[in-house]
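The values are calculated or read from the model by the stated rules, or taken from the named source; none is laboratory data. Quantities reported herein were computed from a predicted structural model and do not represent experimental measurements. Backbone-built Cβ (ideal geometry, glycine too); neighbour counts: all protein chains shown.
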Amino acid sequence: MVHKDVFFVYEVGEDSKEDFYVWRSSKLAEGNAQLLEKLLLCKIGWSEAERAYFFYNDYPVYMLPEWIRNPLSECVVCYASVYGSMIYWGFVYFQQDAFDWTENKIGAYFFFWIIFIVSNCFINGFLYRKNN
């Protein structure tokens, strides 16, 4: 779902006493509209009913709060740590003899978990920047 802030700009006629004149109420060429969008950092639309241009920005409307949304779907580094933790602790749960080589298994679990998460975050961030 997208929320739009819309601002209408109406033609101010030549007989107006104001010095403010936007442009005629005829459509702009497509290239000019795209250039104006880049310059003004917003989107431009044309309303036939109003015979006016309107400027708007799209703002996404999210269903989840940011502290849940970022780690689960939006932050590349965050979801590497969340899902990486699930994979790591699943591995530790099902392979309980994987750390039999050390006397302090709990310490080894957490030490290698931190190394695993940091390396996952780095690799995920690197691949994201490389592909985008």
Item checked: Residues of region 46-67 classified as part of a loop (DSSP other than H, G, I, E, B), among the acidic types (Asp, Glu) and surrounded by 10 or more Cβ atoms within 10 Å (Cβ to Cβ), total -> 1
Notebook entry, point to check: So how many residues does region 42-60 have that are within 18 Å of Ala29 (Cα to Cα), touching a strand residue (DSSP E or B) at 6+ places or on another chain (Cβ under 9 Å) and not aromatic (Phe, Trp, Tyr)?
Noted result: 6
Next item on the list: Could you list, in sequence order, all residues of region 54-107 that are without any contact (Cβ under 8 Å) to a residue 12 or more places away in the chain and among the β-branched types (Val, Ile, Thr)?
Entry: Ile68, Val82, Ile87, Thr102, Ile106
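Residue by residue, here is whether (1) outside the structural domain of Asn120 (by TED's automatic domain parsing); (2) of a type outside the set (A, V, I, L, M); (3) within 30 Å of Ile123 (Cβ to Cβ) holds:
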| site | (1), (2), (3) |
| --- | --- |
| Leu28 | yes, no, no |
| Gln34 | yes, yes, no |
| Leu39 | yes, no, no |
| Cys42 | yes, yes, no |
| Glu48 | yes, yes, no |
| Tyr53 | yes, yes, no |
| Tyr56 | yes, yes, no |
| Val76 | no, no, yes |
| Ile87 | no, no, yes |
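For (1) outside any strand (DSSP E or B); (2) under 26 Å from Asn132 (Cβ atoms); (3) in contact with a Ser or Thr (Cβ under 6 Å, 6 or more places away or on another chain); (4) at pLDDT 70 or above, each residue gets a yes or a no:
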site	(1), (2), (3), (4)
His3	no, yes, no, no
Val12	yes, no, no, no
Asp19	yes, no, no, no
Gly31	yes, no, no, yes
Ile44	no, no, no, yes
Arg69	yes, yes, no, yes
Leu72	yes, yes, no, yes
Val77	yes, yes, no, yes
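Here is a yes/no grid of residues against (1) closer than 23 Å to Glu74 by Cβ; (2) out of contact with any Lys or Arg (no Cβ under 6 Å at 6 or more places or on another chain); (3) part of a helix (DSSP H, G or I):
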{"residue": "Val92", "(1), (2), (3)": "no, yes, yes"}
{"residue": "Trp101", "(1), (2), (3)": "no, yes, no"}
{"residue": "Phe112", "(1), (2), (3)": "no, yes, yes"}
{"residue": "Ser119", "(1), (2), (3)": "yes, yes, yes"}
{"residue": "Gly125", "(1), (2), (3)": "yes, yes, yes"}
